[in-house]
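K.L.:
Take this structure first; my questions come after.
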Amino acid sequence: MYKTYGKGGLNWKLENLKVEYSVDMIRLKNNVYSEFFKPFMDRFSYNPNVEYYISTNFKKYKHNWHFEDEKGSFWLAYRHNQENGGGQAYNAVIEFNPNKVQESPLLHEILKKFFNPDLNYIVSSCDIAIDLHGVDMEKEIFWDKGKKQNYTIYNKGGSKTVYLGSGANRVKLYDKANEQNLDDKKWTRYEISMKVDYTYNTLNDFEYEGCLPKIWVVGLFEYDMDLTSTDWFILQALMQGCGTIDQLGRRKRKKIRTALDKQSSFVPDKSQLSRTLRDYVYNSLDKMIIPKKRKV
């Protein structure tokens, strides 16, 4: 598992919080000649241990393989249904979670054959996971449910998962301790879906520029002397989900948001996000594909 550490946008009240950044999903793409890919297709299209299927959806890839072994699972696809390769070459794409399948021999084989750095493949997208240790997702996380904030909440198994935004900059907030069936731990995950579309050779130039939502750690809130007892009650009610800030009047919205800015908040460090991706590709991923670590 490849992880980096950083404080992100932590204010002074959160300096001692342990924060870990890691690549939780990565998608690579490369243009591959049909004659080079066909032997691979023939090898796995009828393998009982590999799920192969064809999709005719114009937004998806035609040929799809779901691989699974004792080291984990991953997905590979070839020839997008909107792609016109003239019968010569088409895009191959692979998606996997490094934390779950990094040691798969079959994954290593496919990466070496079709996604070797010498082929200058494209890093299409990735998910960066940010683990906030010691923070209870259910009781200690608050976000501004304003009119401009697109969010969806799912409740399952006594725990909620929150999706903020959509598409390339979507953020997923969830209780990682609950997912791992850890009853005695506080562990919140802030996960970002990032569109990249940089080649291997240009990835050093990638800098994430997305606008990410801020979250507040309620457990570290301190009483604000600038608030009246009524204002403080309103803030506590908002934290309990009894309403949203945008339901307040203009002056009250401004006062509550000013009070929030003084409290313990977190927003990811964009430089750390970019560095986590580059470090994974140029170090961990390179070691899987090439025998000797290359200098970048």
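The values are calculated or read from the model by the stated rules, or taken from the named source; none is laboratory data. From a predicted model like this one, the values you see are computed outputs, not experimental measurements. A quick note on method: Cβ atoms are made from the backbone with ideal geometry, for glycine too, and the neighbour counts reach across all protein chains shown.
K.L.:
Looking only at segment 257-287, which residues are crowded, with 17+ Cβ neighbours inside 10 Å, modelled with pLDDT under 90 and assigned to a helix (DSSP H, G or I)?
P.N.:
If the condition is that a residue be crowded, with 17+ Cβ neighbours inside 10 Å, modelled with pLDDT under 90 and assigned to a helix (DSSP H, G or I), then 259, 260 are the ones that fit.
K.L.:
Consider residue 157 carefully, then state whether it is at positive phi and buried (at least 17 other Cβ atoms within 10 Å of the Cβ).
P.N.:
Here the answer is no, as residue 157 does not meet what is asked.
K.L.:
On to the next question. Out of (1) assigned to a strand (DSSP E or B); (2) within 18 Å of residue 104 (Cα to Cα); (3) more than 22 Å from the chain's Cα centre (by Cα), what's the single condition that is false for residue 40?
P.N.:
Among (1) assigned to a strand (DSSP E or B); (2) within 18 Å of residue 104 (Cα to Cα); (3) more than 22 Å from the chain's Cα centre (by Cα), the lone unmet condition for residue 40 is (1).
K.L.:
Applying the selection to segment 187-205, what residues are surrounded by fewer than 19 Cβ atoms within 10 Å (Cβ to Cβ), of a type in the set (Ser, Thr, Tyr) and part of a helix (DSSP H, G or I)?
P.N.:
202, the sole residue that qualifies.
K.L.:
Based on what the data block shows, is residue 145 in a helix (DSSP H, G or I), in contact with a helix residue (DSSP H, G or I) (Cβ under 8 Å, 6 or more places away or on another chain) and either under 29 Å from residue 65 (Cα atoms) or modelled with pLDDT under 85 (or both)?
P.N.:
Here the answer is no, as residue 145 does not meet what is asked.
K.L.:
Another question, then. Quickly run through segment 84-106 and pick out the residues that are more than 20 Å from residue 128 (Cβ to Cβ) and surrounded by 14 or more Cβ atoms within 10 Å (Cβ to Cβ). Working first, answer last.
P.N.:
From segment 84-106, those more than 20 Å from residue 128 (Cβ to Cβ) are 84-92, 103-106; that's our starting set.
Once the filter is applied, which keeps residues that are more than 20 Å from residue 128 (Cβ to Cβ) and surrounded by 14 or more Cβ atoms within 10 Å (Cβ to Cβ), segment 84-106 yields 85, 89, 90, 91, 92, 104, 106.
K.L.:
What pairs come out if I take residues in segment 102-124 that are among the β-branched types (Val, Ile, Thr) and pair them with residues that are surrounded by 14 or more Cβ atoms within 10 Å (Cβ to Cβ) and not in a helix (DSSP H, G or I) whose C-beta lies under 6 Å away, six or more apart or interchain?
P.N.:
Short answer, once both residue conditions are applied: 122/29; 122/199; 123/196; 123/198.
K.L.:
How many residues are part of a helix (DSSP H, G or I) and within 25 Å of residue 20 (Cβ to Cβ) when one looks only at segment 109-127?
P.N.:
Going through segment 109-127 one residue at a time, the tally reaches 1.
K.L.:
Quick one: residue 126 ticks every box in (1) under 27 Å from residue 172 (Cα atoms); (2) at pLDDT below 90 bar one, so which box is it?
P.N.:
Unmet for residue 126, out of (1) under 27 Å from residue 172 (Cα atoms); (2) at pLDDT below 90: (2).
K.L.:
Are there any pairs, at least 6 apart or on different chains, whose C-beta atoms fall under 7 Å, with the first in segment 40-58 and closer than 17 Å to residue 80 by Cβ and the second among the charged types (D, E, K, R), and if so, which?
P.N.:
So the pair list comes out as 54/62; 55/62.
K.L.:
Within the group 191, 209, which residue is under 30 Å from residue 105 (Cα atoms), of a type in the set (Asp, Glu) and within 19 Å of the chain's Cα centre (by Cα)?
P.N.:
The conditions single out 191.
K.L.:
Let me confirm something: among 167, 134, which residue is at positive phi, in contact (Cβ under 8 Å) with a residue 12 or more places away in the chain, exposed (fewer than 15 other Cβ atoms within 10 Å of the Cβ) and not charged (D, E, K, R)?
P.N.:
Among 167, 134, only 167 is at positive phi, in contact (Cβ under 8 Å) with a residue 12 or more places away in the chain, exposed (fewer than 15 other Cβ atoms within 10 Å of the Cβ) and not charged (D, E, K, R).
K.L.:
Does segment 143-199 hold any residues that are among the β-branched types (Val, Ile, Thr) and over 18 Å from residue 210 (Cα atoms), and which are they?
P.N.:
Hits for segment 143-199 are 152, 153, 161, 162, 188, 199.
K.L.:
Of all residues in segment 33-72, which are under 16 Å from residue 113 (Cβ atoms), exposed (fewer than 11 other Cβ atoms within 10 Å of the Cβ) and of a type in the set (Lys, Arg)?
P.N.:
43 - this is the single residue of segment 33-72 that is under 16 Å from residue 113 (Cβ atoms), exposed (fewer than 11 other Cβ atoms within 10 Å of the Cβ) and of a type in the set (Lys, Arg).
K.L.:
Right, next: Counting only residues that are touching a Leu at 6+ places or on another chain (Cβ under 9 Å), outside any loop (DSSP other than H, G, I, E, B) and at pLDDT below 85, how many does segment 207-232 have?
P.N.:
Count: 3.
K.L.:
Right, next: Could you say which residue among 200, 154, 163 is modelled with pLDDT of 85 or more, more than 21 Å from residue 27 (Cβ to Cβ) and out of contact with any Gly (no Cβ under 9 Å at 6 or more places or on another chain)?
P.N.:
154
K.L.:
Out of the residues in segment 88-101 that are outside any strand (DSSP E or B), in contact (Cβ under 8 Å) with a residue 60 or more places away in the chain and in contact with a strand residue (DSSP E or B) (Cβ under 6 Å, 6 or more places away or on another chain), which is nearest to residue 280 (Cα to Cα)?
P.N.:
So the residue we want is 98.
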